[in-house]
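S.K.: I'd like to ask some things about the structure below.
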Amino acid sequence: KPDVQVVSKACPLFVPLVEEGWLKDPITMEVARRYLEELLQYDIDTLILGCTHYPFIKGAFARNAKRYLRGNCTLIDGSVGTVRQLERILDRYKLRNPIGTGRVEFHTSGNEAVLKPIFEKLLKQDKI
């Protein structure tokens, strides 16, 4: 569609806020408000969350998008498409395990002692 305008906005402060576990914290809400407020100059009808951290603070985007963007702004969680693409690749190479089987491993370049409890909270797992 040649008439579609795409606007990109980096939101680097969200990564440390999510990794700190401040998902519904007033600071996170304020940061979301400030980032979205910068987009008021555009007539945005769709907001795509394009980072692996953003689904954890989707609520902050949703509440602020209604206030600072068009009232009918559609919020798209980019992680859903990522998961669908992963499923297609796993199916193509016959690598998908039946549901409920297999093991998931998490690797980080960060401090594991600091991040492990945060990941457990975010993923609602007793043990990672």
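The values are calculated or read from the model by the stated rules, or taken from the named source; none is laboratory data. Values in this document were obtained by computation on a predicted structure and should not be read as measured data. Because the Cβ atoms are built from the backbone with ideal geometry, glycine has one as well, and the counts that use them run over all protein chains shown. Surface accessibility is based on the protein's heavy atoms, side chains included, excluding ligands, DNA and RNA. Shrake-Rupley method; radii C 1.70, N 1.55, O 1.52, S 1.80 Å.
S.K.: Give me the percent relative contact order of segment 15-128, please, defined on Cα pairs under 8 angstrom at least 6 residues apart. Don't jump to the answer; show the numbers that get you there.
M.R.: Working: 88 pairs, mean separation 31.2, N = 114.
Result for segment 15-128 is 27 percent.
S.K.: For segment 3-53, what does the alpha-carbon gyration tensor say about shape, rounded, prolate or oblate, given a ≥ b ≥ c as the root eigenvalues, a/c under 1.5 as rounded, and a/b over b/c as prolate? List each step's numbers first, then the result.
M.R.: Values: a/c = 2.92, a/b = 1.87, b/c = 1.56.
Prolate, since a/c reaches 1.5 and a/b exceeds b/c.
S.K.: What are the residues whose amide H is under 5 Å from the amide H of Ile48, where those residues sit 5 or more places off or on another chain and H is modelled from the backbone?
M.R.: Ile76
S.K.: Then there's this: Given springs between every Cα pair under 10 Å in a Gaussian network model of the chain, which of Ile76, Ile99, Ile27 has the largest fluctuation?
M.R.: Sorting by GNM fluctuation, first place goes to Ile99.
S.K.: State the Cα centre-to-centre distance between segment 13-46 and segment 49-102 in whole Å.
M.R.: The two parts, judged by their Cα centres, are 17 Å apart.
S.K.: Once you put a point 7 Å from the Cα of Leu115 and another 7 Å from the Cα of Arg88, both along the Cβ direction, what distance in nm separates them?
M.R.: For the pair Leu115/Arg88, the computed spacing is 2.8 nm.
S.K.: As an exercise, identify the trypsin sites (Lys or Arg not before Pro) in segment 1-107 lying in DSSP coil whose Cβ has no more than 15 other Cβ atoms within 10 Å. Please list the in-between numbers first.
M.R.: On the way: sites: Lys9, Lys24, Arg33, Arg34, Lys58, Arg63, Lys66, Arg67, Arg70, Arg84, Arg88, Arg92, Lys94, Arg96, Arg103; in loops: Lys9, Lys24, Arg70, Lys94, Arg96, Arg103.
Sparse-neighbourhood loop trypsin sites (Lys or Arg not before Pro): Lys9, Lys24, Arg70, Lys94, Arg96, Arg103.
S.K.: For the chain, which longest stretch is free of loop sites, where a loop site is one of the GluC sites (Glu not before Pro) that DSSP puts outside H, G, I, E and B and that has at most 16 other Cβ atoms within 10 Å?
M.R.: On the way: sites that count: Glu20, Glu105.
Free of exposed loop sites, the longest segment is 21-104.
S.K.: Give the ranking of His107, His53 by solvent-accessible surface, highest area first, calculated with a 1.4 Å probe.
M.R.: On the way: His107 160, His53 35 Å².
The most accessible residue leads, giving His107, His53.
S.K.: If you average the sequence gap of Cα pairs under 8 Å that are 6 or more apart and divide by the length of segment 19-70, what percent do you get for the contact order? Before the final figure, lay out the partial values.
M.R.: Details: 30 pairs, mean separation 28.7, N = 52.
That works out to 55 percent.
S.K.: If the only charges are +1 at each Lys and Arg Cβ and -1 at each Asp and Glu Cβ, what is the size of the charge dipole of the chain around the Cα centre, to the nearest 20 debye?
M.R.: Working: 20 positive and 16 negative charges, 84 e Å.
Its charge dipole is roughly 400 debye.
S.K.: Mind checking which of Ala62, Ala32, Ala113 has the largest fluctuation in a GNM of the chain, springs on alpha carbons under 10 Å?
M.R.: Its mean-square fluctuation being the largest, the pick is Ala113.
S.K.: Still on this structure, I have one more. Between Tyr93, Tyr35, Tyr54, find the one with the highest GNM mean-square fluctuation for the chain; connect C-alpha pairs within less than 10 Å.
M.R.: Taking springs between Cα atoms under 10 Å, the residue moving most is Tyr93.
S.K.: Which residue, Gln41, Asn111, Ala62, has the largest displacement toward the positive end of the dipole of the chain when charges sit on each Cβ (Lys, Arg +1; Asp, Glu -1)?
M.R.: Working it through, the farthest residue towards the positive pole turns out to be Ala62.
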